[in-house]
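Undergrad: After the structure tokens below, expect a handful of questions from me.
The values are calculated or read from the model by the stated rules, or taken from the named source; none is laboratory data. The structure displayed is predicted, hence computed values, not measured ones. Reconstructed Cβ throughout: ideal geometry from the backbone, glycine too, with neighbour counts over all protein chains shown.
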Amino acid sequence: MEPFKGIVQRGAQRGSALGYPTINIELKASGVSGVYAALVRIDKTIHRAAAFADPSRHILEAYIFGISEMLYGREVTIELKHKIRETGKFENDELLKKAIAADITAIQEYFEN
């Protein structure tokens, strides 16, 4: 799969409210959806991340492990490495947070192997 390149834009801040701040770029590809283990390139540095592709909103989000700086307006490249799961619906924020935590554990295990 080809990497996705874009300028980081401000999102709805939902990830931050859940404790998982994300960067957001426009998702131009169709047929890509769900949660992925990903690599994010910022300048010349590559970071591991959890990515969420939402084709209904045309957004690719990434929670970058170990990064807390604001990246709005910066160009990044997101490479989706391994699909963890398809998009799901959650009854409440607590169930969503548990799913995100499980996704992050699965992604960390993916990168360790």
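Undergrad: Can you name every residue in region 13-30 that is within 16 Å of Ser56 (Cβ to Cβ), in contact with a Lys or Arg (Cβ under 9 Å, 6 or more places away or on another chain) and outside any strand (DSSP E or B)?
TA: Leu27
Undergrad: Taking the options Arg85, Arg41, Arg74, name whichever one is closer than 16 Å to Glu2 by Cβ, among the charged types (D, E, K, R) and out of contact with any Cys (no Cβ under 9 Å at 6 or more places or on another chain).
TA: Details: Arg85 fails: closer than 16 Å to Glu2 by Cβ; Arg74 fails: closer than 16 Å to Glu2 by Cβ.
Answer to the check: Arg41.
Undergrad: If you take the residues of region 14-38 that are surrounded by fewer than 18 Cβ atoms within 10 Å (Cβ to Cβ) and of a type in the set (Ser, Thr, Tyr), which of them is modelled with the lowest pLDDT?
TA: Once the filter is applied, the top-ranked residue is Ser30.
Undergrad: Okay, next question. I'm trying to understand the selection: among the residues of region 65-113, which are among the basic types (Lys, Arg), assigned to a strand (DSSP E or B) and surrounded by 14 or more Cβ atoms within 10 Å (Cβ to Cβ)?
TA: If we filter region 65-113 for residues that are among the basic types (Lys, Arg), which is where we start, we get 74, 81, 83, 85, 89, 97-98.
From the residues that got through so far, the ones that are assigned to a strand (DSSP E or B) too are 81, 83, 85.
Result: Lys81, Lys83.
Undergrad: For region 57-80, which positions are of a type in the set (Ser, Thr, Tyr), out of contact with any Lys or Arg (no Cβ under 7 Å at 6 or more places or on another chain) and either under 13 Å from Asp43 (Cβ atoms) or at pLDDT 95 or above (or both)?
TA: Our first condition is that a residue be of a type in the set (Ser, Thr, Tyr); within region 57-80, this holds for 63, 68, 72, 77.
Remaining after also requiring out of contact with any Lys or Arg (no Cβ under 7 Å at 6 or more places or on another chain): 63, 68.
Answer for region 57-80, where residues must be of a type in the set (Ser, Thr, Tyr), out of contact with any Lys or Arg (no Cβ under 7 Å at 6 or more places or on another chain) and either under 13 Å from Asp43 (Cβ atoms) or at pLDDT 95 or above (or both): just Tyr63.
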